[in-house]
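Have a look at the structure below before the remarks.
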Amino acid sequence: MKELDELYQSVILDHNRSPRNFHRLEGATAHAEGRNPLCGDQFEIWLKLDGELIADVAFLGQGCAISKASASMMTQAIKGKTVAEARALFEQFHQVVAGAGEEKLPAKLEVFRGVSAFPIRVKCATLSWHAMKQALEKRNHAVP
Ligand code: ZN
């Protein structure tokens, strides 16, 4: 992704190298998997909900730098938020990355705005977000 701004690139590479919340989550109450066969990205997301609060979130899996960094930053962005806030952030993030949103994202997530110039990468950047949303939709089902 040498086309991306250098600063943005270094943030993405940092999260790719040292992903945050990168582990299986014990006691999770929601779970989903995301796959992007175009790129080979594959992640599992776990959420621990306390009522409407996302008390904890973690992920595992593998994929390209964009997908992994995005998953890492997604977990940081929604931890401690409510389900409604996480859903709203998903919509906002999705629009910006797809190039359809002018809204400002929380500072760290702004690094993904540049992805909108690379349509094939949009799926990479949004994969974990879709999985998170899916997990929220089927929460309280059995978690593996
Ligand atoms: Zn990818």
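Could you tell me whether region 95-109 includes any residue that is open to solvent by 60 Å² or more (accessible area, probe 1.4 Å) and within 14 Å of the ligand (Cβ to nearest atom)? Looking for residues that are open to solvent by 60 Å² or more (accessible area, probe 1.4 Å) and within 14 Å of the ligand (Cβ to nearest atom), one finds none in region 95-109, hence no.
Of all residues in region 35-70, those satisfying the criterion of being in contact (Cβ under 8 Å) with a residue 60 or more places away in the chain and either open to solvent by 10 Å² or more (accessible area, probe 1.4 Å) or among the aliphatic types (A, V, I, L, M) (or both) are Arg35, Leu38, Cys39, Glu44, Ile45, Leu47, Leu49, Val57, Gly63, Cys64, Ala65, Ile66.
The values are calculated or read from the model by the stated rules, or taken from the named source; none is laboratory data. As the structure is a computational prediction, the values presented were derived from the model and not from experiment. Every residue, glycine among them, receives a Cβ derived from its backbone with ideal geometry; neighbour counts consider all protein chains shown. Accessible surface areas use protein heavy atoms only, side chains included; no ligands, DNA or RNA. Shrake-Rupley method; radii C 1.70, N 1.55, O 1.52, S 1.80 Å.
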